[in-house]
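A.B. asks: Pasting a structure here, questions to come.
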Amino acid sequence: MSPKSLSRSSTSAGKEEENTKTLKPINGVPIQQQPPLKFDVGTPEIMELFETLFRNDIKFRILSVLSNREGACLREIARNVGISHKNLVKYLDTLSQKGIIEVYPVGIRYKVYRLSPKYDFVRQVLK
């Protein structure tokens, strides 16, 4: 590349930056910056909203169960969530792959599921 082509590309990039900086709102009406919204919402209101929105969501129910316990086995979670343990395995695998829950083997056949320490704040929110 010649120095002229480099200078052209750098000046065209500079013009683009200038153009983005000098863009005006539609119809020439300046946009007034709004003050940030303030919400007076506490944890109970947030939980009520979550329960209303995600009441039938299996993953939310799993997190609710695990937030109340240090750890739980597959059948215990299935009983509290209200689905079969065979269907629950898919949801638990998804949550463990995302790092939301941790899985610990207990003996040869059993596993204990618990909320990841990274998501301990969920315990406080879901109480």
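The values are calculated or read from the model by the stated rules, or taken from the named source; none is laboratory data. Quick caveat: nothing in here was measured; it's all calculated off a predicted structure. Neighbour counts are summed over all protein chains in view; Cβ atoms, including those assigned to glycine, are modelled from backbone coordinates with ideal geometry.
A.B. asks: Against the condition in contact with a Phe, Trp or Tyr (Cβ under 9 Å, 6 or more places away or on another chain) and small (Gly, Ala, Ser), how does Gly99 come out, does it pass?
C.D. replies: Working: in contact with a Phe, Trp or Tyr (Cβ under 9 Å, 6 or more places away or on another chain): yes; small (Gly, Ala, Ser): yes.
So Gly99 fits the description; yes.
A.B. asks: Output the qualifying pairs, or none if there are none: Cβ atoms under 6 angstrom, residues six or more apart or on different chains, first residue in the stretch 101-127 and more than 26 Å from Ile46 (Cα to Cα), second residue among the aromatic types (Phe, Trp, Tyr).
C.D. replies: Val103/Tyr113; Val112/Tyr104
A.B. asks: Tell me which of these Val112 doesn't satisfy, since it passes every other one: (1) surrounded by 10 or more Cβ atoms within 10 Å (Cβ to Cβ); (2) in a helix (DSSP H, G or I).
C.D. replies: Against the list (1) surrounded by 10 or more Cβ atoms within 10 Å (Cβ to Cβ); (2) in a helix (DSSP H, G or I), Val112 comes up short only on (2).
A.B. asks: Is it the case that the stretch 70-85 has a residue that's surrounded by 12 or more Cβ atoms within 10 Å (Cβ to Cβ), modelled with pLDDT of 90 or more and under 19 Å from Gln124 (Cα atoms)?
C.D. replies: So far as the stretch 70-85 goes, yes, one or more of its residues are surrounded by 12 or more Cβ atoms within 10 Å (Cβ to Cβ), modelled with pLDDT of 90 or more and under 19 Å from Gln124 (Cα atoms).
A.B. asks: Go over the candidates Gly99, Gly107 one by one and state the one that is on the phi > 0 side of the Ramachandran plot, under 17 Å from the mean Cα position of the chain (by Cα) and of a type outside the set (S, T, N, Q).
C.D. replies: Values: Gly107 fails: under 17 Å from the mean Cα position of the chain (by Cα).
Answer to the selection: Gly99.
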